[in-house]
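> Just passing along the structure, written as structure tokens.
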There are 2 protein chains.
Amino acid sequence: MVLNAFCMNTVSHLQHGLWVRPDSRQREFNRLDPWLDLARLLERGGFDTIFLADVAGISDVHGGGPDAALRHAVQLPVNDPAMLIPAMATATEHLGFAFTSSVLQTPPFTFARQATTLDHLTGGRIAWNIVTSHLASTARNLGFDALVPHDERYERAEEYLEVVAKLWEGSWEDGAVLADLDTQVYADPARVHAIDHHGRFYDVAGPFVCEPSPQRTPVLFQAGASERGREFAAKHAEGVFVVASRRNLPALRADIAARAVRYGRRPADLLFCQGLTPVVGGTEAEAHAKADEYRAQLSFEGGVVQMSGMVGVDLSDIDPDRPIDELRTDAIQSILNGVQRAGPAGTQTFADLVRAAMTGQFAVGTPEQLADLLESWQHAGADGFNIMHSVLPASFVDFVDGVVPVLRARGLVRDHYEPGPLRQKLFGAARLPDRHPDAAFRVRRAPLA
Amino acid sequence: MVLNAFCMNTVSHLQHGLWVRPDSRQREFNRLDPWLDLARLLERGGFDTIFLADVAGISDVHGGGPDAALRHAVQLPVNDPAMLIPAMATATEHLGFAFTSSVLQTPPFTFARQATTLDHLTGGRIAWNIVTSHLASTARNLGFDALVPHDERYERAEEYLEVVAKLWEGSWEDGAVLADLDTQVYADPARVHAIDHHGRFYDVAGPFVCEPSPQRTPVLFQAGASERGREFAAKHAEGVFVVASRRNLPALRADIAARAVRYGRRPADLLFCQGLTPVVGGTEAEAHAKADEYRAQLSFEGGVVQMSGMVGVDLSDIDPDRPIDELRTDAIQSILNGVQRAGPAGTQTFADLVRAAMTGQFAVGTPEQLADLLESWQHAGADGFNIMHSVLPASFVDFVDGVVPVLRARGLVRDHYEPGPLRQKLFGAARLPDRHPDAAFRVRRAPLA
């Protein structure tokens, strides 16, 4: 069972308002200590990765500006997630680091170098969550007049992937690094190649300036829900982040797997990780009391800020008590579909809907009940989970100390880590399989005699 | 006396060929351990910063391609220096981190966020070495057809500085962060501002997505030697990296200080750090034997690779034994001027010149002699030093264990660090002074009643 801890280098990630709790250290996100402690906790709990979400703009659709996002710290302020990784690497030996970087925010050459540096420094523990940026605010911070249209964002992402794959897989052959102390020769120039990429969006000459890292290409994560997003995931993603229901997960999985096969991949090349927010108590009643406490502390307005940003429609004027049946716009319907897809809703009013959007992935119960639930998700086709939190780190403390021992007793979570890079732990081999489309950019030469 | 340790996240920084030595750990640059050990060593030695040089391309002028740079590992492979900082921060409390980032390699919004994140995570220990990229290879990796002309590079750098100054100084007022646990209000929107930058090279809307870090603007370092570079340093730089002779340092310093005054700054707002490569021995003979050993191990071809890249002229065909007097091209003359500026030359042949270019900053002697020498540089106008190494970390071990105790006995190097951010340690205040041109982008509002 793959376990990723879904976090963000910010004050308030998904369940807005809870950052004020005394058991939250999210307010200390600017400091290293809470992240080092979290990394140690997750490694103690056998997690595969800490999965760092990110956004390079502000959710400013609500009220036509950033004010409410600022008041409620809705994914704002938000620091660079990559900078946490080298520090957390010093505190751990095995934990993987999946970090988000948008194809808009960094030129592909610069990004490839960042990721390779991280993969070197961590001994091959890096995954990249590929995003195309949904916020117009992000685009306006990066020199784009308005948001790049959705499909063009994916075209851009395709070319970005091609450039970085050429740098990671196609520039330095295996064996290029000689590091010969007697001859003072470090690399064999015959085995290092320019990439000479000239495309619609990018021109990158190469050669790459980094030697190959343990994984070359970091493990590729993606969370595309749209038609174009599914196609992108099917072609590239090794970890697919989904928020589905147990009922519709098999069909979603089968759809993406069938697309992957058309790209020459195998269904087992993709791991599907369901998003869940465990709320754990010693007894069922205790767990539900905790969930109720979280729900009561949620910031309604914070939730509306994020929903407005997600659907691109200002929802700030809607009366919280307005019956949901009176609000069937396309935007509201798409949120409602998402909430209902994820499970039973019971959303009568707009306030119910906002709360449900923040707590729809709640999984409430005792450690035994949670373990049962995760198993039932496995049977529905989840290879693992993006474990979300209500309170950082309290939610992960509850999970690691409560649920993980039960999962370990059932043989579902590792007692100890096998050696080797992240991809080796997940798929049995450190490098992208030859059948992966991005492996097509590898240079193949006969080995030296 | 300011002490910066001049290093690079690569196999071979300046004295090529020495990476093969058993006392070099530079070959392990892909791993965290040697950097953590180095950071601890430098903090033990009272250093102000580790100064991380960088280049985002390959020195490929020599022979018209990258082959010789690859063979001799001439600043290649070269990993992202910023990624070392969070890890080194976990191993130290006070050491500053000056890192190089070219205005070509990262959009200003993304870079500002990286630097602010680092400044937060390190408690305000960050400096930025501003470079404009001299290699055509860098430009070709970043979507530019050919190298941006020298003066346009500085125009671009000026606008880049303006954008990041607006983000760092002008977007979030002091007091914008409330983090009020009772009202669940994190930030005061009335004190956070868009920057709405629309210039020749960059369009960045803002607001900045990070709250102000301890220093806001990292300490600004620069090493411009050209006319345009001096002007840029005079306007922006707080640390100026120079490679001069004791004879011409006063004039260089006076020239840049006079320019700085025209920008409303004070001469004491700029610290001049001379590049020197101490070679330390228990006796003078031992020190000279060590220097001779280093000189004998230098890679002539590695030196020619770097010289060719610096002057943009392929020097690979020149016979090493050719008398220098027969080689008075503009390129050779500019190198010779640089070597002679730095001290006595004794360069009869091209091979002598190449060796002198790599060892021209050698300062050879006993700890007492080195301390005398540094003092004499202080009298000539050096506020401090960028200490370069022949062998990493051996050269810094020699310096910290040999020279620093003598400097401490003379009261020239700190015994312990004062608390506070890097700028406070260097200048007595954590923030840019109001008279700094980049402080002009600050928002000034009356404090709330």
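> If you go through the range B:58-68 one residue at a time, how many are assigned to a loop (DSSP other than H, G, I, E, B), more than 18 Å from A:Leu167 (Cβ to Cβ) and in contact with a strand residue (DSSP E or B) (Cβ under 8 Å, 6 or more places away or on another chain)?
1
Matching residues to (1) within 11 Å of chain B (Cβ to nearest Cβ); (2) closer than 22 Å to A:Phe97 by Cβ:
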| residue | (1), (2) |
| --- | --- |
| A:Gln26 | yes, yes |
| A:Asp33 | yes, yes |
| A:Glu43 | no, yes |
| A:His62 | no, no |
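> Would you confirm, using the coordinates I've provided, whether B:Thr132 is hydroxyl-bearing (Ser, Thr, Tyr) and open to solvent by less than 40 Å² (accessible area, probe 1.4 Å)?
Yes; evaluated as a whole, the condition is true for this residue.
> Just one of B:Leu336, B:Leu353, B:Leu370 is hydrophobic (A, V, I, L, M, F, W, C), assigned by TED's automatic domain parsing to the domain that holds B:Ala237, out of contact with any Leu (no Cβ under 6 Å at 6 or more places or on another chain) and assigned to a helix (DSSP H, G or I); which is it?
Criteria check complete, one pass: B:Leu370.
> If we keep just the residues of the range A:83-103 that are open to solvent by 10 Å² or more (accessible area, probe 1.4 Å) and not in a helix (DSSP H, G or I), which is nearest to the other protein chains (Cβ to nearest Cβ)?
Looking at residues that are open to solvent by 10 Å² or more (accessible area, probe 1.4 Å) and not in a helix (DSSP H, G or I), I get A:Ala91.
> Could you pull out the residue among A:Phe385, A:Phe300 that is open to solvent by 50 Å² or more (accessible area, probe 1.4 Å), of a type in the set (A, V, I, L, M, F, W, C) and in contact with a Gly (Cβ under 9 Å, 6 or more places away or on another chain)?
After ruling out the rest, the residue left standing is A:Phe300.
> Among the numbered criteria (1) under 30 Å from A:Ala127 (Cα atoms); (2) of a type outside the set (Ser, Thr, Tyr); (3) out of contact with any Phe, Trp or Tyr (no Cβ under 8 Å at 6 or more places or on another chain), which one does A:Pro278 miss?
Every condition holds for A:Pro278 apart from (3).
> Right, B:Arg125: within 7 Å of chain A (Cβ to nearest Cβ), of a type in the set (Lys, Arg) and either open to solvent by less than 10 Å² (accessible area, probe 1.4 Å) or in contact (Cβ under 8 Å) with a residue 60 or more places away in the chain (or both) or not?
no
> Kindly check whether there is at least one residue in the range A:400-407 that is buried (at least 22 other Cβ atoms within 10 Å of the Cβ) and not assigned by TED's automatic domain parsing to the domain that holds A:Gln75.
No; the residues of the range A:400-407 include none that is buried (at least 22 other Cβ atoms within 10 Å of the Cβ) and not assigned by TED's automatic domain parsing to the domain that holds A:Gln75.
> Could you tell me which of the residues A:Pro367, A:Pro344 is of a type outside the set (S, T, N, Q), more than 22 Å from the chain's Cα centre (by Cα) and at pLDDT below 95?
A:Pro344
> Residues in the range B:296-304: is at least one part of a loop (DSSP other than H, G, I, E, B), under 20 Å from B:Ser59 (Cβ atoms) and in contact (Cβ under 8 Å) with a residue 40 or more places away in the chain?
Yes.
> Please pick out the residue among A:Asp314, A:Asp321 that is in a loop (DSSP other than H, G, I, E, B) and touching a strand residue (DSSP E or B) at 6+ places or on another chain (Cβ under 9 Å).
Testing whether each residue is in a loop (DSSP other than H, G, I, E, B) and touching a strand residue (DSSP E or B) at 6+ places or on another chain (Cβ under 9 Å) leaves just A:Asp321.
> Further question: So if I check each of B:Arg71, B:Arg113, which one is touching a strand residue (DSSP E or B) at 6+ places or on another chain (Cβ under 8 Å), among the basic types (Lys, Arg), within 7 Å of chain A (Cβ to nearest Cβ) and in a helix (DSSP H, G or I)?
Being touching a strand residue (DSSP E or B) at 6+ places or on another chain (Cβ under 8 Å), among the basic types (Lys, Arg), within 7 Å of chain A (Cβ to nearest Cβ) and in a helix (DSSP H, G or I) holds for just one of B:Arg71, B:Arg113, which is B:Arg71.
> I would also like to ask the following. Considering only residues of the range B:409-443 that are open to solvent by less than 60 Å² (accessible area, probe 1.4 Å), in a helix (DSSP H, G or I) and not small (Gly, Ala, Ser), which is nearest to B:Pro207 (Cα to Cα)?
Only one residue tops the list, namely B:Asp438.
> Filter the range B:1-13 down to the residues that are more than 14 Å from every other protein chain (Cβ to nearest Cβ) and buried (at least 23 other Cβ atoms within 10 Å of the Cβ) and list them by number.
B:Leu3, B:Asn4, B:Ala5, B:Phe6, B:Cys7
> Return only the number of the condition from (1) within 24 Å of A:Gln105 (Cβ to Cβ); (2) more than 18 Å from the chain's Cα centre (by Cα); (3) touching a residue at least 40 places away in the same chain (Cβ under 8 Å); (4) surrounded by fewer than 24 Cβ atoms within 10 Å (Cβ to Cβ) that A:Ala53 does not satisfy.
In the conditions (1) within 24 Å of A:Gln105 (Cβ to Cβ); (2) more than 18 Å from the chain's Cα centre (by Cα); (3) touching a residue at least 40 places away in the same chain (Cβ under 8 Å); (4) surrounded by fewer than 24 Cβ atoms within 10 Å (Cβ to Cβ), A:Ala53 misses (2) alone.
> Tell me the residue from B:Ser213, B:Ser171, B:Ser133 that is more than 8 Å from chain A (Cβ to nearest Cβ) and modelled with pLDDT of 95 or more, please.
B:Ser171 is the lone residue from the list that is more than 8 Å from chain A (Cβ to nearest Cβ) and modelled with pLDDT of 95 or more.
The values are calculated or read from the model by the stated rules, or taken from the named source; none is laboratory data. Source: prediction; values computed, not measured. All Cβ positions, glycine included, derive from the backbone under ideal geometry; neighbour counts span all protein chains shown. Remember, those area values only see protein heavy atoms, side chains included, never the ligands or the DNA or RNA. Shrake-Rupley method; radii C 1.70, N 1.55, O 1.52, S 1.80 Å.
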